[in-house]
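Below: one structure, written as structure tokens.
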Amino acid sequence: MYSFMGGGLFCAGVGNILLIVSTATDYWMQYRHSSNYMHQGLWRYCVPGKCMTHTDSIAYWDATRAFMILSLLACFIGIVIGIMAFIHYSSFDGFDKTFAAGILFFISCFFVLLAMAVYTGVTVNYYGKRYGSWRFSWSYIMGWVAVVLTFF
């Protein structure tokens, strides 16, 4: 039982780190425009030598940001409750901490899955038609890896 709990906490911890890095970095997508490579994240977009914050409130960015932050919070709270269950913390004895941590990890997985689906759908439909040379980048890929880790 403890090996599964320890393995689950390890996956959740690594998944939470990946969620933080994925949410905070600016490499969700790279594209070529006017013979320059540019990249963007959820918070900023960068042209060669200069990064600027997104000033527009575009719904899919806001939705992706919100779901990523909710996923981070659910995963973090799940890790705290999972550690309390692992060390047999005696408060809240009438409440199954292992089950609660598992539910929070599934909620985190659901939120990050929603964030990635929203971002993927809009990006493919919009940038796929507008730019010929674009690709998802490593921050985006880390988000998908976090989906898998928070599920496990």
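Observations on the model:
- Members of segment 76-116 found to be at pLDDT 85 or above, of a type in the set (F, W, Y) and crowded, with 16+ Cβ neighbours inside 10 Å, listed by number: F76, F105, F110, F111
- Qualifying positions in segment 24-55 - more than 22 Å from G143 (Cα to Cα) and surrounded by fewer than 10 Cβ atoms within 10 Å (Cβ to Cβ): S34, S35, P48, G49, K50, T55
- Entirely in segment 18-73, the strands (runs of 3 or more DSSP E) that have 3 or more residues that are in contact (Cβ under 8 Å) with a residue 12 or more places away in the chain: 29-33, 36-40, 44-47
The values are calculated or read from the model by the stated rules, or taken from the named source; none is laboratory data. Since the model is a prediction, treat every value here as computed from it, not as a measurement. FYI the Cβ positions are ideal-geometry reconstructions off the backbone, even for glycines, and counts take in every protein chain you see.
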